[in-house]
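Worksheet: the structure to be examined is printed underneath.
The values are calculated or read from the model by the stated rules, or taken from the named source; none is laboratory data. Computed from a predicted structure; not experimentally measured. Please note: Cβ atoms are built from the backbone with ideal geometry, for glycine as well, and neighbour counts cover all protein chains shown.
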């Protein structure tokens with residue numbers, strides 16, 4: 001085997017090792033191939049955006065996904081049917097957003113996620129709640145109530161945090177693991193617990 005063939009083989013072996021060790025390389029390649037489909041599916045789909053193997057994708061024509069957003073596999077993304085006639089985008093996700101596996105985002109009114117927001121695994125962002133207002137014993141067969149959600153730029157949502165209807169979260173906040181937020185949270189707040197309470201600042 002000559003020198004050039006040995007060099008080519010070493011490069012191939014190195015690349016194979018990187019692919020085994022770096023699953024995001026496989027995700028990136030898969031999503032480059034999927035990009036034409038995603039551009040057709042979504043109302044707006046940013047440059048270098050990734051939506052990798054969602055388990056549910058509903059109402060994508062009413063969603064805007066920002067540049068370089070990364071949404072990993074197993075997520076549930078929905079603009080519910082009740083909001084399809086609303087003007088503009090019902091779910092807007094900013095640039096450089098990231099969400100680890102198993103997340104849920106459901107918009108019946110409006111969900112706005114600003115730039116540089118990051119989510120851990122199994123985060124839920126849902127702007128509606130089931131009711132029994134029509135008298136049916138099954139909550140799925142009654143009208144839901146919804147209220148817009150906004151999540152400010154640079155906020156971090158740790159694993160299993162829940163953002164519920166009506167939440168307005170400020171800039172660069174930290175929502176701790178398993179916390180639940182449904183109200184207004186000032187900029188730079190650290191929030192823990194259920195219901196969520198502010199215990200500190202991300203600026204200290």
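Does region 52-63 hold any residues that are farther than 18 Å from residue 124 by Cα and either at pLDDT below 95 or buried (at least 21 other Cβ atoms within 10 Å of the Cβ) (or both), and which are they?
Selection gives 62 alone.
Here are 165, 153, 177: which of them is touching a strand residue (DSSP E or B) at 6+ places or on another chain (Cβ under 8 Å), part of a loop (DSSP other than H, G, I, E, B) and in contact (Cβ under 8 Å) with a residue 24 or more places away in the chain?
165
Go through region 50-136 and tell me which strands (runs of 3 or more DSSP E), entirely inside it, have 3 or more residues that are more than 24 Å from residue 35 (Cβ to Cβ).
In region 50-136, 124-126 are the strands (runs of 3 or more DSSP E) which contain 3 or more residues that are more than 24 Å from residue 35 (Cβ to Cβ).
Can you name every residue in region 18-49 that is within 23 Å of residue 121 (Cα to Cα), touching a residue at least 40 places away in the same chain (Cβ under 8 Å) and not in a loop (DSSP other than H, G, I, E, B)?
Passing the criteria: only 27.
Would you check if residue 194 is surrounded by fewer than 17 Cβ atoms within 10 Å (Cβ to Cβ), in contact with a strand residue (DSSP E or B) (Cβ under 6 Å, 6 or more places away or on another chain) and part of a loop (DSSP other than H, G, I, E, B)?
In short, yes.
In region 32-51, how many are surrounded by fewer than 19 Cβ atoms within 10 Å (Cβ to Cβ) and touching a helix residue (DSSP H, G or I) at 6+ places or on another chain (Cβ under 8 Å)?
Count: 3.
If you take the residues of region 71-80 that are without any contact (Cβ under 8 Å) to a residue 40 or more places away in the chain and crowded, with 19+ Cβ neighbours inside 10 Å, which of them is farthest from residue 50 (Cα to Cα)?
It comes out as 79.
Please state which one of 158, 129, 83 is surrounded by 17 or more Cβ atoms within 10 Å (Cβ to Cβ) and out of contact with any helix residue (DSSP H, G or I) (no Cβ under 8 Å at 6 or more places or on another chain).
158
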